[in-house]
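Okay, structure first, notes after.
The values are calculated or read from the model by the stated rules, or taken from the named source; none is laboratory data. Just so you know, these numbers come straight off a predicted model, no measurement behind them. With ideal geometry, Cβ positions are generated from the backbone for all residues, glycine too; neighbour counts draw on all protein chains shown. Ligands, DNA and RNA are stripped out before the accessible areas are found, and what is left, the full protein with its side chains, is counted by its heavy atoms. Shrake-Rupley method; radii C 1.70, N 1.55, O 1.52, S 1.80 Å.
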Amino acid sequence: MATDYDAPRKSEEELQEDSIEELKSRRNDQNSGKVDEDEVEAAESFELPGADLSHEELTVRVLPRQANEFTCAACYLVKSQSQLAETRDGQQFCVDCV
Ligand SMILES: [Zn+2]
């Protein structure tokens, strides 16, 4: 019956070894190339696909702000009046921040 206990133990050890090997190989991957910086830059300049932020991005970049826009007092982003959710003490807050 002892072998019955050994069998799962061995597989557990194998699993642990596998994960360690995985970590090692991942570490090697990260150290092997200077590609990481490029990838980070690419990720930063790359807009999230599927996330519908293109309209907001455009709105933020419009300076000076238009009459139909306001600057949110919480996130400091220029938003269109349609996104104005609340005005408190003369400060305007967008729907994302309220
Ligand atoms: Zn806001």
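Determine whether GLU57 is open to solvent by 100 Å² or more (accessible area, probe 1.4 Å), modelled with pLDDT under 75, away from the ligand (no atom under 14 Å from the Cβ) and not aliphatic (A, V, I, L, M).
No.
Looking only at the range 82-98, count every residue that is near the ligand (Cβ under 8 Å from one of its atoms) and closer than 10 Å to THR71 by Cα and tell me the total.
Qualifying residue count for the region: 2.
Looking only at the range 79-98, count every residue that is assigned to a helix (DSSP H, G or I) and open to solvent by 90 Å² or more (accessible area, probe 1.4 Å) and tell me the total.
Qualifying residue count for the region: 1.
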